[in-house]
Structure formats: structure tokens, C-alpha cells
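The values are calculated or read from the model by the stated rules, or taken from the named source; none is laboratory data. Values in this document were obtained by computation on a predicted structure and should not be read as measured data. Don't worry about glycine lacking a Cβ; one is built from the backbone with ideal geometry, like all the others, and counts go over all protein chains shown.
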Amino acid sequence: MTKVSIIVPCYNEEKNIFPFFELCKNTLNPNFEYEYIFVNDGSKDNTFLNIKKLIKDNNSDNIIGINFSRNFGKESAILAGIKNSTGDLISLIDADLQQHPKYINQMVEYLSLNEETDIVACYQNRRKEGKILSSFKSMFYNLINKMSSTKFEKNASDFRTFRRQVAEALVDLDEYHRFSKGLFAWVGFEAHYMPYEVEERLHGKTSWSFSSLTKYAIEGFVGFSTVPLRIATLLGIFTSIASLIYMISIIIKKLVIGIDVAGYATIVSLILLLSGIQLISMGIIGEYLARTYMETKKRPHYIIKNKIETDNK
Ligand code: UDP
Ligand code: MG
């Protein structure tokens, strides 16, 4: 029987663990075998205690609980889940019930019927969020698709199901800064995109703020494109040429026409403009340098404090 690993990253989801599991049990197609991997990503509430309880109460099911030593982020939780999974198919799903497990049935069914497809990814057909935020997100996709040779699918989420060989390819990418949308696009394989209706969060609140989303977007740009570095070069070339032309025109004015150019405002604004461009360029280089520095440290993506599982494992 085909085995499906359900990977659930959990950060402060104490109230969602039980309803999530119950919904899965009631929804998932019984013709497949399931393995649940709950990764507690350093929650500050009783998430792990509830995972423990869940494992105790459902000993006949196949459940693993992984407890991180601190919060390492969703990307690391997903990686730990994948590394500890044994299924033929792997599904990533959030613990907050925003993503209904009925779509896992659809994704799994699609993969069983279409041998050529390796990944089925869900995308939100209608985003339930503010106009400003969704237009920023759309701008992000347009821009990164222009700047990166990796093709990013618009609105595709982490809610996806894929075959074991995709999981192995993902694990092989050992980079510290993991931008999973990009990693999925980078490894390639045959992907199918499926619309889904996002639900409201059952309990708790989202861990994304506008600033963390901005940081995440920068991660995407720096991780999957070196075009920003070239922008610095281009800006430099452009301003050098412009200032050369300006210099020549000043010399000609002075020599041929004989007027001194009154220059205070010009000089001040030019200095400000050029220092601005220089600082931006240095900042861009700094973003890449910082990541290179972090990557050279070869730190682990996460630290597991303890791992528990049902007897059925
Ligand atoms: N999550 C995690 N580590 C984090 C932040 C979030 O494992 O540092 C989990 C969280 O518990 C949830 C999923 O990632 O299962 C998605 O998070 P959230 O609901 O906050 O994101 P949103 O749905 O708003 O995009
Ligand atoms: Mg959510």
C-alpha cells in the first residue's frame, strides 16, 4: 500500500493539534497508509505536551513527534520532517487548519493517476488578505521571475505533495538559508498546480508580520538571483558616464564661454546622490556577503531535543 507522510510544522499551535489530527483521521482516504510527523518548532506554549498526549492516545496510529531545542523557523521544521519521513509520498500541511486535508486526498489521487507528475502544489485561487499585501506579493513574483532563472509559480504555497525522489533532491540542497518556494522550483521535476480554498485559522495567530514577509522576500531575491549585484554595477557605470558628460560640459563652459558655474547646490545634491548610490550598492553586496559568511559556518539547520513516536512506528 502506498504510504503518505504528513509533515506538520507547529509553532504555538497547542489548541490546533487535536482538532487537526481528528480532521485528518476523518478526511484522509483510508485506501492509503499514513505516517504523521509533527515537528514542534520551539513553541512557547504547550504544543509539544499536546503532541505527546496525541501520541499516547493514538498508539495504534503511526505518529512521530519531533521537538526542536528552540524556534528554527518553518523551513527547518519542514526539512526535519522530510528527513525523518519514510513515505512514498510526502505532504506538507499547516497545523492551523487553514489547509483542509481533503486537498491531500486530491493531491495523492492525482499523483497515483499521473505517473509523470512528481509534485502537486496547491495555490490559493482567492487570497483572503488585504489589497496592499496581495499587490506586494504579486510584485514580488513579477520581479523575482524577471531576475532569477528559476521559475517561481505565482501564489504557490508550501501546501504540496510530492514523491520520495523530490524529497531526496530537497534534502541534498544543504543551504542554510532555505527559501522553499525557490528550492521546489530549483529541483525541477514535473509539477501540477491545483487551486484550493484557504480557511480561517482555527486558533492562535499567524507568525507573519509585514517586516518578516519583507525579510522573507529579500531571502528569495538574494538566494535565487545575483542580478541585484549587477544592478550596483550598472548604477555605477550609469553615474560615471553621466558625471563625465557633466564634467566635460563644465570645462567647455569655462574655457569657451568663460563663465564660472555657480555650483553649491549642484555639488551638494550630487554628493548626496552619489553617496546614496554607493551605500545602496554596499548594502546589496553586504546582503550577499552576510549569507556567504553564514553558509561557510556550516551550522546545522535545527537541533532536535527529543523525538517520540507511537509503538506502531
Ligand atoms: N510555523 C513553524 N515555525 C515558525 C512559524 C510557523 O513551524 O517559526 C508553522 C505554523 O505552526 C503553521 C505553519 O508554519 O503550522 C504556517 O504558519 P502560519 O499559520 O503562521 O503562516 P500563514 O498561514 O499565516 O502563512
Ligand atoms: Mg496559517
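Per-structure values
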| read-out | value |
| --- | --- |
| Subset tally (residues that are farther than 23 Å from Asp41 by Cα and part of a helix (DSSP H, G or I)) for the stretch 263-313 | 30 |
| Scan of the stretch 215-250 for residues that are among the polar types (S, T, N, Q), over 13 Å from Met147 (Cα atoms) and loosely packed, with under 15 Cβ neighbours inside 10 Å, ordered by number | Thr233, Ser240, Ser243, Ser249 |
| Within the stretch 152-256, helices (runs of 4 or more DSSP H) holding 1 or more residues that are farther than 24 Å from Ser91 by Cα and not β-branched (Val, Ile, Thr) | 210-224, 227-252 |
| Residue in the stretch 69-81 that is more than 13 Å from ligand 1 (Cβ to nearest atom), hydroxyl-bearing (Ser, Thr, Tyr), within 16 Å of Tyr302 (Cα to Cα) and within 23 Å of the chain's Cα centre (by Cα) present | yes |
| Unique residue being within 30 Å of Glu129 (Cα to Cα), of a type in the set (D, E, K, R), modelled with pLDDT of 85 or more and within 30 Å of the chain's Cα centre (by Cα) when the list is Lys215, Lys305 | Lys215 |
| Inter-residue pairs, beta-carbon under 7 Å, first over 27 Å from Asn84 (Cβ atoms) and in the stretch 143-167, second part of a helix (DSSP H, G or I) and within 16 Å of ligand 1 (Cβ to nearest atom), 6+ apart | Ile144/Gly220; Phe152/Tyr141; Phe152/Lys181; Lys154/Tyr141 |
| Failed item, numbered, when Pro228 is tested on (1) within 22 Å of the chain's Cα centre (by Cα); (2) within 30 Å of Ile55 (Cα to Cα); (3) of a type outside the set (A, V, I, L, M, F, W, C) | (2) |
| Filtered residues of the stretch 148-168 (kept if modelled with pLDDT of 85 or more and surrounded by fewer than 18 Cβ atoms within 10 Å (Cβ to Cβ)) | Arg164, Gln165, Glu168 |
